[in-house]
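To start, the structure under review is shown below, and the notes come after it.
The values are calculated or read from the model by the stated rules, or taken from the named source; none is laboratory data. Note that the structure is predicted; figures quoted are calculated from it, not measured. No Cβ is skipped: glycine too gets one built from the backbone with ideal geometry, and neighbour counts run over all protein chains shown.
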Amino acid sequence: MVIKLALPKGRLLRKTASLLQKAGWKLDEYHSEMGFYRPRSGKYPDVLIRVFQEKDIPIQIALGNYDIGICGLDWIEELRVKYPTSELVKVLDLRYGRGSLYMAAASPAFRTNGNGLVRIASEYPNLAESFALKQRLDRFSVVSLWGAAEVYPPENADMVLLPAENADKLAEYSMVPIQRQLDYSAFLIANQESMESKKLMQIIDSISSNLPEAPVKTPSEDIVRERSALRISSGKTTAKDKVHLALPDGHQQKPTVEFLRKAGIRVKDYPSATGNRRPEIAIDGVSVKVIRPQDMPLQVANGNFDLAITGQDWLNEHLGQFPSSPVREIISLGFSRVRLVAVVHRDLSVDDAGGLSRYVSKNGEPLRVASEYVNLADCYARENHLGHYLVIPTWGATEAFLPDDADLLIENTQTGGTIARHNLKIIDTLFVSTACLIGNTAVEPDSRRGKIIKEIINRMKKAAGDA
């Protein structure tokens, strides 16, 4: 009986690889910077290993798609607080990857948006909602983010739930802790049924006998957990006439900077060597924040930003869920070109959407579609008459899902090289996406803000060659 193991990429990869190397697993490729998601073990050649984004691992274990895995306790509790009866079992604290989740604000007595509504932004929406309910907040809303929660208060959120090594780290974000919600570290987890039916103890013993020593806590780390009194006052904190511009983080920063320079727009400390997410822009009346491109369409729709540079893929994903959203594309900026493609395993004898539809009708099983773009994936499956299908949301590393955990991917690619390297093939192109400037249709063009927005648009149009 095959044992399936899910390993994390990202923040836990290096120390997880070190632990397994110490345990003599003889893993190939897990250290790779090439994004290889199918390592093999010389010690356990019969164990099927896949590498996922950490947030996906508790879900895969709870569903029984994988028997055992490694991820942070924060993502485990994010799942368990919503699904307390799931089949996920915490097996072992691995003693590395330590940190804490803090509910934090810009000040101890933060100000709401004037109507008593407390806005909470987080990558951990289930834990954030649990906090609000336990605090018995009269009115609250939780905004689910892809990341960069620290930059949202006070203008775009009243509180954020975010990870940090310690409370001192919050001061670097110009925030104060309201309550420490959870201490986390890497954990070995397993599916309950797999624990009872499969021989997992050999793997568990191999890992447990090579754990690092438990770190000794210093007094400064012993922060009181008791509930803090929330001091909330009402009233807006942002200047009404200021224009709010969102710029992308991550690998989009370099081409964005080059484009802004071409447009004659200087942004100081972007990209930032210190992680600053509030760079200064050389345009009076404009403030800038650096956030995830995935979050931009919804933030613009909610009126938190007037303009944002994101990808057409994320704009279309947003409009797929909210077709009457007030967000619109203003300019196609032409850089960061990717294709949104439909991908299957190379061994599947399907070459196009029509062939996939015929395969589904003959197979008799629901088609499993994995994607970060859940709305685009749903639309593609419906428009191509793929019969009964199930959309599996992912947080990246989607190539790892084929062929064991999905039949079809909706993915973005620049060259197709990563797709080919994972023994996958492209059968269709949904559309070509480039960076674009988006805005909110509700802005009044004759207002002071409207005139500043028009100036920015005209500069970018000229740089993009659309003037």
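Annotations
- Hits in segment 316-328 - residues which are closer than 22 Å to Gln414 by Cα and surrounded by fewer than 16 Cβ atoms within 10 Å (Cβ to Cβ): none
- Out of Ile392, Ile452, one residue alone is buried (at least 20 other Cβ atoms within 10 Å of the Cβ), in a helix (DSSP H, G or I) and of a type outside the set (S, T, N, Q). It is Ile452.
- The test for being in a strand (DSSP E or B) and crowded, with 16+ Cβ neighbours inside 10 Å does not hold for Val350.
- Of all residues in segment 256-278, those being surrounded by 17 or more Cβ atoms within 10 Å (Cβ to Cβ), in a loop (DSSP other than H, G, I, E, B) and within 22 Å of the chain's Cα centre (by Cα) number 3.
- Flag for Ala282 being surrounded by fewer than 20 Cβ atoms within 10 Å (Cβ to Cβ), out of contact with any Cys (no Cβ under 7 Å at 6 or more places or on another chain) and of a type in the set (A, V, I, L, M, F, W, C): yes
- Elements of the type helices (runs of 4 or more DSSP H) sitting completely within segment 99-209 and holding at least 2 residues that are in contact (Cβ under 8 Å) with a residue 60 or more places away in the chain and either within 26 Å of Asp249 (Cα to Cα) or in contact with a helix residue (DSSP H, G or I) (Cβ under 6 Å, 6 or more places away or on another chain) (or both): these cover 167-172.
- Candidates Leu307, Leu315 - the one that is within 21 Å of Asp428 (Cβ to Cβ) and not assigned by TED's automatic domain parsing to the domain that holds Leu402: Leu315
- Restricting segment 287-315 to residues that are surrounded by fewer than 24 Cβ atoms within 10 Å (Cβ to Cβ) and among the polar types (S, T, N, Q), the residue that is modelled with the lowest pLDDT is Asn302.
- Of all residues in segment 428-449 being surrounded by 15 or more Cβ atoms within 10 Å (Cβ to Cβ) and charged (D, E, K, R), the one that is farthest from Asp351 (Cα to Cα): Arg449
- Scanning segment 322-351 for residues that are under 22 Å from the mean Cα position of the chain (by Cα) and farther than 21 Å from Thr434 by Cβ returns a single hit, Phe322.
- Scanning segment 27-42 for residues that are loosely packed, with under 15 Cβ neighbours inside 10 Å and modelled with pLDDT of 95 or more yields a count of 1.
- Entry remark, segment 421-449: residues being among the β-branched types (Val, Ile, Thr), modelled with pLDDT under 95 and either out of contact with any strand residue (DSSP E or B) (no Cβ under 7 Å at 6 or more places or on another chain) or not in a loop (DSSP other than H, G, I, E, B) (or both) number 1 in total.
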